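Engineer: The following block contains the structure, expressed as structure tokens.
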């Protein structure tokens, strides 16, 4: 039975018809709520509240075919009321820009300064003003996808258009926004190529001194390099995955299966490519850039890279690491003469698992080991189907598709 028929029956008082509508569309509504508020329990509560709102106002639904989009719209409005403010997603700066200068970010435990808050508000207003210049269809897609954090499928459902149409609107909007804001954000200007970057003939050899984890619950890590004297430090913000791999390399931890950078090193070796050196070669707009110097046969070539990727690969291939003198002179920190330097003291903190998380994993493993193979298979399948449904990958089939 189609949504139109079920809605008509529900509007005439058939409770079972409404129940069937909810059974069909509640999974995507729940997934939508969880994505917006970021909490499963709260998402369940908001979804149930949305179902109640839908039941009480079903008579006002003018387009019975659009029940799913209408229900999702109620969910979005309830979630907005719950949040009371725009949702802020914390993204890894390492993933966005490839290694930030230590001085370019505040230390995690320091509160934002008034001028920083003012700059953030100004940036927010500039971006919103640019979005307002988009056409209404493109503006709606951008706000739902980037500000409400909905998936492409969920945006398509709400706007009642196809997934390719959503992707097309987002692509056009990104291109127009980039053109509008390019002059405002200097970091969006094309950066110099490897050949254009200023490099000194005499690079400074450096080694990894330590990796720090300032806040246990945050993902950011600090990679600290030092020169041969151990008296000059170069600090770079990096992401957690690269930090973990670097820490494992420094501690000489052997794993049963190759991780990403071990795999990369093996592929390069089989392809006959030798990594000769890696260099932290430039600092542009508070973002570090690295260069990988490689050789295959008689051919020598360079590859631009993020510092964290280049250094992780260098450790796996036992390749020397350098820093450009101009980079060291610009941002290196001199160690006070009354302080001594010891390598690798922060590595255990980087690889350490939170005690509560460790206990949770242990209980989960004990439960898993106590189950029979059939029970394990059944539980795994049920969890997979649940996650796929919540993500919107799976949804209740509309019976009209079979007619």
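Engineer: Using the Cα gyration tensor of the stretch 204-354, with a ≥ b ≥ c the square roots of its eigenvalues, what is the shape: rounded (a/c below 1.5), prolate (a/b larger than b/c) or oblate (neither)?
Structural biologist: oblate
Engineer: Which length gain, in nm to one decimal place, applies between residue 267 and residue 304 when the Cα-Cα distance is subtracted from 0.36 nm times their residue separation?
Structural biologist: Length gained between residue 267 and residue 304: 11.5 nm.
Engineer: Which value in nm describes the separation of the simple spin-label points at residue 129 and residue 12, placed 7 Å from the Cα toward the beta carbon?
Structural biologist: Label at residue 129, label at residue 12, 5.6 nm between them.
Engineer: Please find the FRET efficiency linking residue 159 to residue 260, where r is the Cβ-Cβ separation and R0 is fixed at 45 Å, and quote it to the nearest 0.05.
Structural biologist: Here the calculated transfer efficiency is 0.75.
Engineer: Between residue 339 and residue 59, 0.36 nm times their residue separation minus their Cα-Cα distance comes to what?
Structural biologist: Extra length from residue 339 to residue 59 when fully extended: 93.3 nm.
Bear in mind these aren't lab numbers, they're just calculated from the coordinates by the rules spelled out. If you're wondering where the values come from, they're calculated on a predicted model, not measured in any experiment. Neighbour counts run over all protein chains shown; Cβ positions are idealised from the backbone, glycine included.
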